[in-house]
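Here is the structure we will look at.
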Amino acid sequence: MKKYIILVLALSFSFASIAQTTKEDNYKTGVKIVNEVNGDGAAKGLEEAFKSVSPDMAEYIIRYGFGEIYNRPGLDFKTKELLIIASLTTQANATSQLKSHMKAALNVGVTPNEISETMILLSLYTGFPAANNGIFALKEVLSEVNYTETAKTNATDKLTKNWELTGFSMPESIVASPTENWLYVSNVNKNEKGYISRITKDGKVDNYKWVTGLNNPAGLAFHQDKLYVGDGTELHIIDVKKGKLIESISSKEAMALNDVAISKEGQVFVSDIASGKIFTLENNKLVVWFQTPEIMHPNGLFVDGDSLVIANFGAELSLSLTADKYGSMYKVNLKDKTFSMLKSSYQLGALDGLAVVKDGYLVTGGTVSDLFFVNDETRKKIGTFPKGLADISIQGNTLYAPILFSDKIESFSLPEDLITSKIVDEK
């Protein structure tokens with residue numbers, strides 16, 4: 001009998017420990033979600049608001065409300081926020097919470113029109129007074145957050161096409177020479193050996209198979225007359241003056257090297273979309289520089305000042321990614337590797353190509369092949385392209401866009417009233 005009592009006590013302590021661990025994990029998850037939905041520091045602000053009257057309530061809201069209920073699968077954040085907004089609109093004394101969740105909805109990608117349409121639908125069931133109050137709450141929120149939205153969605157409405165060139169084989173990435181009239185294009189080439197094409201900036205072919213013998217070349221980056229190419233488990237280096245592959249550096253830790261970004265000082269970064277690692281080149285070896293569970297499948301990269309900007313494909317590596325698994329954009333400090341999400345990019349899409357412009361970034365992704373402008377405060381859909389818009393490049397006011405599944409490259413002029421490039425070409 002004694003051993004059974006000991007066993008029961010041991011199990012009791014074990015279950016208590018598990019329960020405590022679960023509570024702590026749920027609280028940490030809740031803090032993360034509160035900050036993602038409402039902005040950095042929101043969880044701390046919530047704790048401070050309740051500190052003097054009911055700190056337990058703040059803990060309960062974060063741990064249970066967000067860490068357990070809000071975190072449940074099945075609905076994406078946009079749908080959850082619209083449902084919460086609908087519920088709060090029916091409650092006469094919940095204006096403060098209603099406005100708070102309207103701001104959260106905008107943070108996760110809900111548009112003002114979607115909120116407005118929700119109010120119109122609600123008027124049939126809750127009456128016009130409640131719906132009207134919701135509309136006016138939205139008006140106040142838009143004024144407070146200085147929200148702007150691009151109404152046009154057709155690429156040709158915002159971009160003027162310069163030229164289109166066919167004859168490629170699954171072009172994944174394009175990069176412009178900073179000093180000469182050349183563009184370089186990586187061709188995945190389906191199940192055959194991949195290669196690099198060289199064309200002119202006005203859309204004329206020099207050589208479709210300028211450098212051959214690669215596997216599945218993806219991202220490209222230029223530095224000091226050398227072209228760096230992410231390709232499977234290897235980083236290739238091509239001498240552009242000679243048009244020859246001069247070195248291939250492999251890593252046993254790599255699975256699917258993708259985009260390449262290089263700082264002004266020459267530090268090379270390579271994303272591994274499969275393993276979730278960011279590699280850097282040290283002493284001619286690829287070493288893991290950064291990895292976090294929050295960025296499962298890093299895709300596009302760009303070095304912007306003292307930050308490495310990452311476009312995360314999503315929580316899963318799938319072409320049928322659901323909205324609740326969409327990727328976001330992140331900034332990683334090059335010195336201390338601290339990172340944060342651009343809150344306006346939250347679950348923007350299955351993100352791929354990335355380029356920096358004057359007031360933010362252009363990134364490709366979305367549900368089809370969308371091009372977005374994103375900065376710390378807002379996101380704007382610039383246009384929808386043929387399926388397969390991949391790793392774009394910008395030089396001056398010109399956008400070069402590889403269309404993976406159409407085997408073509410398109411060139412567009414960016415209007416001055418939209419963006420002006422701040423890119424400083426790397427020599």
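The values are calculated or read from the model by the stated rules, or taken from the named source; none is laboratory data. Source: prediction; values computed, not measured. Note that we place each Cβ from the backbone using ideal geometry, even for glycine, and neighbour counts take in every protein chain shown.
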Report task. Being free of Cβ contacts under 8 Å to residues at least 24 places away in the same chain and under 19 Å from the mean Cα position of the chain (by Cα) is the filter here, so list the residues in region 266-286 that pass it. Result -> Ser275, Gly276
Query raised in the report: If we keep just the residues of region 371-390 that are over 13 Å from the mean Cα position of the chain (by Cα) and assigned to a strand (DSSP E or B), which is nearest to Phe168 (Cα to Cα)?
Result: Leu389
Report summary line: The condition of being charged (D, E, K, R), out of contact with any Pro (no Cβ under 9 Å at 6 or more places or on another chain) and under 12 Å from Pro217 (Cβ atoms) holds, among Lys161, Lys193, only for Lys193
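Would you point out which residue out of Leu351, Leu321 is more than 13 Å from the chain's Cα centre (by Cα), assigned to a loop (DSSP other than H, G, I, E, B) and of a type in the set (A, V, I, L, M, F, W, C)?
Details: Leu351 fails: more than 13 Å from the chain's Cα centre (by Cα).
Going through Leu351, Leu321 in turn, the sole match is Leu321.
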Report task. For Pro402, indicate whether it is within 21 Å of Asn189 (Cα to Cα), part of a strand (DSSP E or B) and touching a strand residue (DSSP E or B) at 6+ places or on another chain (Cβ under 7 Å). Result -> yes
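Kindly provide the set of residues from region 203-237 that are over 29 Å from the mean Cα position of the chain (by Cα) and either aliphatic (A, V, I, L, M) or not assigned by TED's automatic domain parsing to the domain that holds Leu286 (or both), ordered by number. Can you show your working first?
Step one: filter region 203-237 for residues over 29 Å from the mean Cα position of the chain (by Cα), giving 203-213, 225.
Those that are over 29 Å from the mean Cα position of the chain (by Cα) and either aliphatic (A, V, I, L, M) or not assigned by TED's automatic domain parsing to the domain that holds Leu286 (or both): Val205, Val211.
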Requested in this report: Starting from residues that are part of a strand (DSSP E or B) and over 26 Å from the mean Cα position of the chain (by Cα), keep the ones in region 180-202 and report whichever is farthest from Asp225 (Cα to Cα).
Outcome: Gly194
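Against the definition (closer than 23 Å to Lys161 by Cβ, touching a residue at least 12 places away in the same chain (Cβ under 8 Å), surrounded by fewer than 18 Cβ atoms within 10 Å (Cβ to Cβ) and not aromatic (Phe, Trp, Tyr)), how does Thr384 come out, yes or no?
Details: closer than 23 Å to Lys161 by Cβ: yes; touching a residue at least 12 places away in the same chain (Cβ under 8 Å): yes; surrounded by fewer than 18 Cβ atoms within 10 Å (Cβ to Cβ): yes; not aromatic (Phe, Trp, Tyr): yes.
Considered against the rule, which asks whether it is closer than 23 Å to Lys161 by Cβ, touching a residue at least 12 places away in the same chain (Cβ under 8 Å), surrounded by fewer than 18 Cβ atoms within 10 Å (Cβ to Cβ) and not aromatic (Phe, Trp, Tyr), Thr384 comes out as yes.
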Query raised in the report: Of the conditions (1) in contact (Cβ under 8 Å) with a residue 40 or more places away in the chain; (2) of a type outside the set (Phe, Trp, Tyr); (3) in a loop (DSSP other than H, G, I, E, B), Pro293 fails just one. Which one is it?
Result: (1)
Query raised in the report: Which residues, counting only those in region 61-108, are among the hydroxyl-bearing types (Ser, Thr, Tyr) and over 24 Å from Ser143 (Cβ atoms)?
Result: Tyr64, Tyr70, Thr79
**Report entry** Failed criterion for Ser186 (all others in (1) out of contact with any Lys or Arg (no Cβ under 9 Å at 6 or more places or on another chain); (2) surrounded by fewer than 21 Cβ atoms within 10 Å (Cβ to Cβ); (3) hydroxyl-bearing (Ser, Thr, Tyr) hold)
**Finding:** (2)
Report task. Starting from region 329-342, take each residue that is without any contact (Cβ under 8 Å) to a residue 40 or more places away in the chain and list its partners that are part of a strand (DSSP E or B) and acidic (Asp, Glu), counting only C-beta distances under 8 angstrom and pairs at least six apart or across chains. Result -> Lys331/Asp304
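Among the candidates Gly365, Gly396, Gly314, which residue alone is within 22 Å of Asn258 (Cα to Cα), of a type in the set (Gly, Ala, Ser) and out of contact with any helix residue (DSSP H, G or I) (no Cβ under 6 Å at 6 or more places or on another chain)?
Values: Gly396 fails: within 22 Å of Asn258 (Cα to Cα); Gly314 fails: out of contact with any helix residue (DSSP H, G or I) (no Cβ under 6 Å at 6 or more places or on another chain).
Among Gly365, Gly396, Gly314, only Gly365 is within 22 Å of Asn258 (Cα to Cα), of a type in the set (Gly, Ala, Ser) and out of contact with any helix residue (DSSP H, G or I) (no Cβ under 6 Å at 6 or more places or on another chain).
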Report summary line: Over region 356-368, the set of residues touching a residue at least 60 places away in the same chain (Cβ under 8 Å), of a type in the set (A, V, I, L, M) and either out of contact with any Lys or Arg (no Cβ under 8 Å at 6 or more places or on another chain) or not in a strand (DSSP E or B) (or both) is Val363
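Specify which of the listed residues (Leu404, Leu371) is within 25 Å of Asn107 (Cα to Cα), aliphatic (A, V, I, L, M) and in contact (Cβ under 8 Å) with a residue 24 or more places away in the chain. Outline the logic, then answer.
On the way: Leu404 fails: within 25 Å of Asn107 (Cα to Cα).
From the options Leu404, Leu371, the qualifying one is Leu371.
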Report summary line: Inside region 227-252, the number of residues satisfying the requirement of being β-branched (Val, Ile, Thr) and more than 11 Å from Ile196 (Cβ to Cβ) is 4
